[in-house]
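> Mind having a look at this structure? Questions to follow.
What follows is calculated from the coordinates using simple rules that are stated; it is not laboratory data. In this text the structure is predicted, and so the values were computed from the model without any measurement. Heads up, the Cβs are rebuilt from the backbone with ideal geometry, glycines too, and the neighbour counts pull from every protein chain shown.
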Amino acid sequence: MEKQYKTLEEFYPYYLAEHQNATCRKLHFVGTALLFVILIAGVVTGNYVWLFSIPFVCYGFAWVGHFFFEKNKPATFKYPFFSLASDFKLFFDLLVGRQKFNPQ
């Protein structure tokens with residue numbers, strides 16, 4: 001029987017275990033960084049149409065990382081909210097050095 005996660009705190013170690021490939025982590029980082037770039041550009045320019053591209057850009061990078069490098073199924077399919085929150089947590093953990101791009 002598969003574990004059911006009830007909190008982000010208990011989900012995050014599972015999320016990290018599903019993101020052990022360095023290229024996958026880098027692709028997640030780039031996708032999340034682009035989210036912020038697109039968000040800021042859309043708001044600053046007033047061109048809110050750009051905001052519609054955010055899910056495609058972010059998930060595009062992440063899913064390439066999973067399907068071609070990590071070789072697993074993204075956690076988004078089973079845990080969409082915990083997965084999204086963990087994407088941001090990993091981004092900032094990588095940014096400040098709490099996590100490494102190459103965890104092995």
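> Roughly how tilted is helix 22-45, in degrees to the nearest 10 and between 0 and 90, from the longest Cα axis of the chain?
30 degrees
> Something else about it: What shape does region 1-43 have by the C-alpha gyration tensor, where a ≥ b ≥ c are the square roots of the eigenvalues, rounded means a/c under 1.5, and otherwise prolate means a/b greater than b/c and oblate the rest? Display every interim value, and only then the final one.
On the way: a/c = 4.18, a/b = 1.80, b/c = 2.32.
In terms of gyration-tensor shape, oblate.
> What shape does the chain have by the C-alpha gyration tensor, where a ≥ b ≥ c are the square roots of the eigenvalues, rounded means a/c under 1.5, and otherwise prolate means a/b greater than b/c and oblate the rest? Show your work: numbers first, answer last.
Numbers: a/c = 1.79, a/b = 1.59, b/c = 1.13.
Prolate.
> List the trypsin sites (Lys or Arg not before Pro) within region 1-100 that DSSP assigns to loop and that have no more than 13 neighbouring Cβ atoms inside 10 Å. Walk me through the numbers before you get to the answer.
Numbers: sites: LYS3, LYS6, ARG25, LYS26, LYS71, LYS78, LYS89, ARG98, LYS100; in loops: LYS3, LYS6, LYS71, LYS78, ARG98, LYS100.
Within region 1-100, the qualifying trypsin sites (Lys or Arg not before Pro) (loop, at most 13 other Cβ atoms within 10 Å) are LYS3, LYS6, LYS71, LYS78, ARG98, LYS100.
> Give the aspartates and glutamates reachable from LYS26 as a straight Cα distance under 13 Å; neighbours fewer than 8 places away on the same chain don't count.
GLU70, ASP87, ASP93
> If I take every Cα pair under 8 Å that is 6 or more residues apart in the chain, average their sequence separation and divide by the length, what percent do I get for the relative contact order? Spell out each step's value before the answer.
Numbers: 95 pairs, mean separation 40.1, N = 104.
Dividing the mean separation by the residue count of the chain yields 39 percent.
> I'd like the FRET efficiency for LEU51 and PHE77, computed as 1/(1 + (r/R0)^6) with the beta carbon distance as r and R0 of 30 Å, rounded to 0.05.
On the way: r = 23 Å, r/R0 = 0.78.
Once rounded, the FRET efficiency stands at 0.80.
> Let me ask something additional. Say we join alpha carbon atoms closer than 10 Å with springs in a Gaussian network model of the chain; which of ASN47, ASN72, ASN21 then has the biggest fluctuation?
Largest GNM mean-square fluctuation: ASN47.
> By how many degrees, between 0 and 90 and to the nearest 10, does the Cα long axis of helix 54-64 differ from the longest principal axis of the chain?
40 degrees
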